[in-house]
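The values are calculated or read from the model by the stated rules, or taken from the named source; none is laboratory data. These numbers were taken from a predicted model, which means no experiment stands behind them. Here the Cβ is made from the backbone with ideal geometry for all residues, glycine too, and neighbour counts use every protein chain on show. Note: accessible area is taken over every heavy atom of the protein model, side chains too, but ligands, DNA and RNA are not part of it. Shrake-Rupley method; radii C 1.70, N 1.55, O 1.52, S 1.80 Å.
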Amino acid sequence: QVQLVESGGGLVQPGGSLRLSCAASGSIVTIAAMGWYRQAPGKQRELVATVTTGGRTNYADSLKGRFTISRDNVKNTVYLQANSLEPEDTAVYYCNAVAQPRSGSPMYNYWGQGTQVTVSS
């Protein structure tokens with residue numbers, strides 16, 4: 001099994017910044033991609049950004065320029081730098097990993113427990 005543990009959420013004022021971290025541990029042969037999704041109250045979970053092992057990134061169009069995803073492949077950790085935060089960014093942010101837990105097994109989707117980000121004055 002693969003476990004994902006997020007950290008770095010909290011309360012921030014509009015215009016402020018946060019850095020989220022997510023570390024993967026457990027039985028891991030390889031991780032193809034890691035990323036962040038978010039879910040605001042009453043809304044569906046949506047893509048924030050993903051990054052592959054090779055460093056290819058994908059962002060939600062509406063967040064380009066304010067959010068930056070990065071990854072440490074040695075530490076199996078993904079980061080999300082969120083700048084110029086707005087109240088509309090308030091949501092639970094979930095870490096995701098597409099990983100192979102055992103040699104010969106397929107890739108599976110894994111999720112963290114989520115970390116709350118609240119943008120409010």
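Descriptive notes on the structure:
- Taken over region 67-107, the criterion of being farther than 21 Å from Glu46 by Cβ and touching a residue at least 60 places away in the same chain (Cβ under 8 Å) is satisfied by Ala99, Gln100, Pro101, Arg102, Ser103, Ser105, Met107.
- Any hit, region 33-43, residues being of a type in the set (S, T, N, Q), part of a loop (DSSP other than H, G, I, E, B) and open to solvent by 20 Å² or more (accessible area, probe 1.4 Å): no
- The residue list Thr57, Thr118, Thr68 contains one member that is at pLDDT 95 or above, in contact with a Ser or Thr (Cβ under 6 Å, 6 or more places away or on another chain) and among the β-branched types (Val, Ile, Thr), which is Thr118.
- Close pairs from region 24-51: first more than 25 Å from Ala91 (Cα to Cα), partner modelled with pLDDT under 95 and of a type in the set (D, E, K, R), Cβ under 7 Å, at least 6 apart: Ser27/Arg102; Val29/Arg102
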